[in-house]
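Below: one structure, written as structure tokens.
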Amino acid sequence: MKSMKGRAIGLCVLAVLGAACSSSDDDNELPPTGTKYYAYVCNSSSDKVSGYSINTTTGAWTVVPGSPFAAGDDPISVAVEPRGKFAFVANNVSSNVSVYAIKATTGALSEISGSPFTTRTTNKPYSIAADSSGRFLYVRHLEDEVSAFSINSATGVLTEIAGSPYSIGTDGGNSDMMVDPHGYYLLYVANFAHGVYGYTIDFDTGALSPVPGSPFHALNSTRALSLAMDP
């Protein structure tokens, strides 16, 4: 019996975040037979997350069963770990992260036990990113810091790692953050500070340390809200 493998991408409300569920596939090859692709979109005004199945031939999107799914107060950013097993949603006003198990055959979301997980009550999360190994999750706050969590590979439960939260630049504002495709670096573009901050990710612990020379002020007086990286 052929297995049905689910894959997903995450889309946030203000900026688009495309996260492939596997870094091992050749982008020039057709999807494996039986593979399904899903996308998730935050709806901040209704406190819900919409799920869609993506037709790999036409690119058309179809609403998945049960969508939209309840989230916290003002869901603003979503990430999917590389295996496509769990989705993570940053809720800005309620200052927490909702974690969902993704049903591989349909793309439906089920909130896991213990969710949502707090990101410290005074620090409202704005963006969220999972590393390429699916072991660590990073949550960017408006107060210029990042909370780092380990992800339980079996349950999706989040546990804040030692040293978290980390200071991440100054006067960053509501800007974007991402992990490079190999999971070596966390990058953050600072809206008001006009620069890009880089942090090395410790492979064993997920801890962050500044990249030498960071921040890189290449934006002059132009404000920036999002970033992208080639694979």
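Spin-label pair residue 226-residue 167: with each label point 7 Å from Cα along the Cα-Cβ axis, the two points sit 3.1 nm from one another. With only the Cα atoms considered, the range 35-104 has a convex hull volume of 82 Å³ per residue.
Of the cross-linked pairs 103/124; 48/103; 36/124, which ones have a Cα-Cα span greater than 22 Å in the structure shown?
Table pairs above 22 Å Cα-Cα are 103/124; 36/124.
Summing Lys and Arg as +1 and Asp and Glu as -1 over all other residues whose Cβ lies under 14 Å from the Cβ of residue 183 gives a net charge of -3. Counting 0.36 nm for each residue step from residue 180 to residue 55 and taking away their Cα separation leaves a gain of 42.3 nm.
Distance between the pseudo-spin-label points of residue 203 and residue 63 (7 Å out from Cα toward the beta carbon): 4.6 nm.
Taken together, the values in this text are just the output of simple stated rules run on the coordinates, not laboratory data. Please read all numbers here as calculations on a predicted model, not as lab measurements. Neighbour counts are summed over all protein chains in view; Cβ atoms, including those assigned to glycine, are modelled from backbone coordinates with ideal geometry.
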